[in-house]
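Colleague: Just dropping this structure here.
The values are calculated or read from the model by the stated rules, or taken from the named source; none is laboratory data. Bear in mind the structure is a predicted one, so any value in this text is a computation, not a measurement. Every residue, glycine as well, gets a Cβ built from its backbone with ideal geometry; the counts of neighbours run over all protein chains shown.
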């Protein structure tokens, strides 16, 4: 037994169960576990508990959100908008410091950082979807009636030629698109809608020249389901809160075929 | 994206954690609602660009601690007072076989750590920051929580654990 294996401790068992060991250390810990069946059984039980917890509570993510919670998430925005307006009237726009403070207070937060379970693209795509898909009046910046302009504009801003796939055969028509902020480069979001008003967004970001292609990956953020993949120069994420996993996968396949004729 | 849009998108995640933490649905949603209201009043403390979900867990932790303290003046969220911090699920250990009961039987401080790590997939470091405790405390609470759950779910007769859906 190597020295490294001898120094396997309690924390290593937990880090192993949580999948938090670096590759090399994991091999050492696993070699040690192979020689220590009692601890191996314990670590396996910890790992199984993680899986049971996730399986047991996952359905909560799909439950409809009670209205009182949505109101709680929205309430202060209305109040603060009113307060901001009141502030402007009372103090006047001449006081730049106050105006600057108000602008700062209204600034949107950056999307949360990536969690280890899902890459950044899935999380950001899901958040962008959750923000714009419920919009009734302004779901997109440029409508499908100006599709040529939309595609030319987004291609210019992304620095590479993007296309809006046609999904009529899947029952989805293009609503339009918008440009989203992202560090370091911008992101395009296309929105599609079916006749019953179910919405899907396609998030497209430039990935640089040397990206490998990846398979489809599935993620769920809140009630938004996401299939994402990287294909040559672009990363794609197809999001919907209205379609189930199978329907979304079918659509992701259609998008992929459209973009890779 | 607006603050409100970000908060709405995170509600299902907050509900899942609260459900596991508190158990009962209405009480868990009360905790989420209090957390969202508190988050708005504390939004100036949130550093833009950092993980909003982790920050909301911190807010929820503080709200939860205050609620537990308010409901039981002598209770504390410390491991060394398990009989006070435990949720009101008592009974024969042999009966505490299903997952929810095993989780409920943990002292709140251990339950929080276990759920943030095992259910919400936060790193040990993130968990330490969310709860405002040293990482060594995270590890020791995690170890105790897992051992207790394992013991409860295995039962004395070594019966297989049951997951109640």
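Colleague: Kindly provide the set of residues from the range B:48-74 that are surrounded by fewer than 17 Cβ atoms within 10 Å (Cβ to Cβ) and within 9 Å of chain A (Cβ to nearest Cβ), ordered by number.
Modeller: B:48, B:49, B:50
Colleague: Let me ask something else about it. Every residue in the range A:56-72 that is facing chain B (nearest Cβ under 7 Å) and part of a helix (DSSP H, G or I), please.
Modeller: Correct list: A:56, A:57, A:60, A:61, A:68, A:69, A:70, A:72.
Colleague: Can you spot a residue in the range A:73-88 that is assigned to a helix (DSSP H, G or I), modelled with pLDDT of 90 or more and closer than 30 Å to residue B:56 by Cα?
Modeller: The answer is no, given that none of the residues of the range A:73-88 is assigned to a helix (DSSP H, G or I), modelled with pLDDT of 90 or more and closer than 30 Å to residue B:56 by Cα.
Colleague: Take residue B:3 and tell me if it is more than 16 Å from the chain's Cα centre (by Cα) and at pLDDT below 90.
Modeller: Yes: the conditions hold for residue B:3.
Colleague: Further, regarding this structure: Which one of these is surrounded by 15 or more Cβ atoms within 10 Å (Cβ to Cβ), at pLDDT 85 or above, under 24 Å from residue A:59 (Cα atoms) and away from chain B (no Cβ under 14 Å): A:249, A:202?
Modeller: None of the other options fit; the residue is A:249.
Colleague: Name the residue, out of B:31, B:36, B:21, B:45, that is more than 9 Å from chain A (Cβ to nearest Cβ), more than 20 Å from residue B:109 (Cβ to Cβ) and modelled with pLDDT of 80 or more.
Modeller: B:45
Colleague: Being at pLDDT below 65 and within 14 Å of chain B (Cβ to nearest Cβ) narrows it down to one of A:101, A:16, so name that one.
Modeller: On inspection, the qualifying residue turns out to be A:101.
Let's see how each residue does on (1) more than 30 Å from residue B:13 (Cα to Cα); (2) surrounded by fewer than 19 Cβ atoms within 10 Å (Cβ to Cβ):
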| position | (1), (2) |
| --- | --- |
| A:13 | no, no |
| A:20 | no, yes |
| A:32 | yes, no |
| A:36 | yes, yes |
| A:40 | yes, yes |
| A:48 | no, yes |
| A:51 | no, yes |
| A:56 | no, no |
| A:59 | no, yes |
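Colleague: Please state which one of A:41, A:51, A:30 is part of a helix (DSSP H, G or I) and over 19 Å from residue B:146 (Cα atoms).
Modeller: Testing whether each residue is part of a helix (DSSP H, G or I) and over 19 Å from residue B:146 (Cα atoms) leaves just A:30.
Colleague: Can you tell me which residues in the range B:115-136 are surrounded by fewer than 24 Cβ atoms within 10 Å (Cβ to Cβ), away from chain A (no Cβ under 11 Å) and part of a helix (DSSP H, G or I)?
Modeller: Correct list: B:128, B:129, B:131.
Colleague: Looking at this structure, is residue A:176 at pLDDT 85 or above, in contact with a helix residue (DSSP H, G or I) (Cβ under 9 Å, 6 or more places away or on another chain) and on the phi > 0 side of the Ramachandran plot?
Modeller: Taking the combined requirement at face value, the residue satisfies it.
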